[in-house]
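The values are calculated or read from the model by the stated rules, or taken from the named source; none is laboratory data. This one's a predicted model, so the numbers in the text were calculated from it and none came from an experiment. Positions of Cβ are generated from backbone atoms using ideal geometry, with glycine treated the same way; all protein chains shown enter the neighbour counts.
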Amino acid sequence: MLRTRVLGPSERQPAKPILTESLDLAARLPRLILEARRVSASVHGIHGRRRSGPGETFWQYRPLVAGESASRIDWRRSARDGHLFVREREWEASHSIWLWIDRSASMGFASSLAQASKIDRALVAGFALAETMVEGGERVGHLGLTRAMASRRIVEVLAQALVADTRGGEADLPPDGPLPRLADAIIITDGLTPGAALAHRIGTMASSGARGHVLLIADPIEETFPFTGQAELFDLEDGLTLRVGDAGSWGEEYRQRLAAHRDAIAEACRKAGWTLTLHRTDRPASEAVLRIASLVAAARGLA
């Protein structure tokens, strides 16, 4: 028998530290982080590209080249070996990867056919991608929550920022505004928001020329709608209900409308030069992570 469940607000995002529900986000994070690291370790062959430039993070020492200004010399390092060395910083101004993980109400859905709820899968995929990208030499941040960084603790930094954010659970769209021209965006969402609104947000983010990748997370029941007989449907975002007398015949129209909605998202991605990947929660998380990581690498000419 098919069963569904919906994670409540405290499970998707604890609004206050005093929340004690055993399955709230804070309690689940250690398990999700471990799973994300396991998934990240299974993704091989994705390498980033570190470059020197006007950033704040130390990258490497290199010998002084004839004709360079003496002001660039690191005298402390040079004194050790008797040779002149320059301290280079990593180029971080624009070459960053920005994640956005949807934590709105519809992401709390899970059926008995799924391996995990949509929000848990989104968090695992996002954390695993962050760790994979940082290991490859990239800088990663979460839109609206953190700066882009190449920290070895990137997963813990993201997790702490998500727990501390008391507003993210209400937003089903990423922050509005263009991204830096040379940045990459990875939007992880179920896409169950008006197609025109999502298309507009993608267009705005890409207006500067930034590249992007949308990862749609779907429960298998949402895809197939395998119900028959009478059914009652709930809109988790707006609290609306719909009674269906013959779910079997109604399901065909539902699938057609879902396909049209997905086509609209795909068209928005195509116009922006972005990619669209559909991932079902009855499949391993590693499939989605490898797919997105490969797309990012290919877009940067690193594959």
Requested in this report: Report whether or not residue 187 is within 25 Å of residue 138 (Cβ to Cβ) and at pLDDT 95 or above.
Outcome: yes
Query - Filter result (small (Gly, Ala, Ser), in a loop (DSSP other than H, G, I, E, B) and either under 19 Å from residue 41 (Cα atoms) or under 14 Å from the mean Cα position of the chain (by Cα) (or both)) within the stretch 268-303 - result: 303
Report task. Might you check whether a residue that is outside any strand (DSSP E or B) and closer than 20 Å to residue 214 by Cα occurs anywhere in the stretch 109-116? Result -> yes
**Report entry** Selected residue [closer than 30 Å to residue 202 by Cα, hydrophobic (A, V, I, L, M, F, W, C), modelled with pLDDT of 90 or more and surrounded by fewer than 19 Cβ atoms within 10 Å (Cβ to Cβ)] from 116, 164
**Finding:** 116
Requested in this report: Being in contact (Cβ under 8 Å) with a residue 24 or more places away in the chain, of a type in the set (A, V, I, L, M, F, W, C) and within 14 Å of residue 99 (Cβ to Cβ) narrows it down to one of 198, 129, 216, so name that one.
Outcome: 129
Query raised in the report: Here are some residues: 121, 89. Which one is modelled with pLDDT under 90, outside any loop (DSSP other than H, G, I, E, B) and under 29 Å from the mean Cα position of the chain (by Cα)?
Result: 89
Query raised in the report: Can you spot a residue in the stretch 137-146 that is more than 28 Å from residue 259 (Cβ to Cβ), of a type in the set (Ser, Thr, Tyr), surrounded by 15 or more Cβ atoms within 10 Å (Cβ to Cβ) and within 14 Å of the chain's Cα centre (by Cα)?
Result: yes
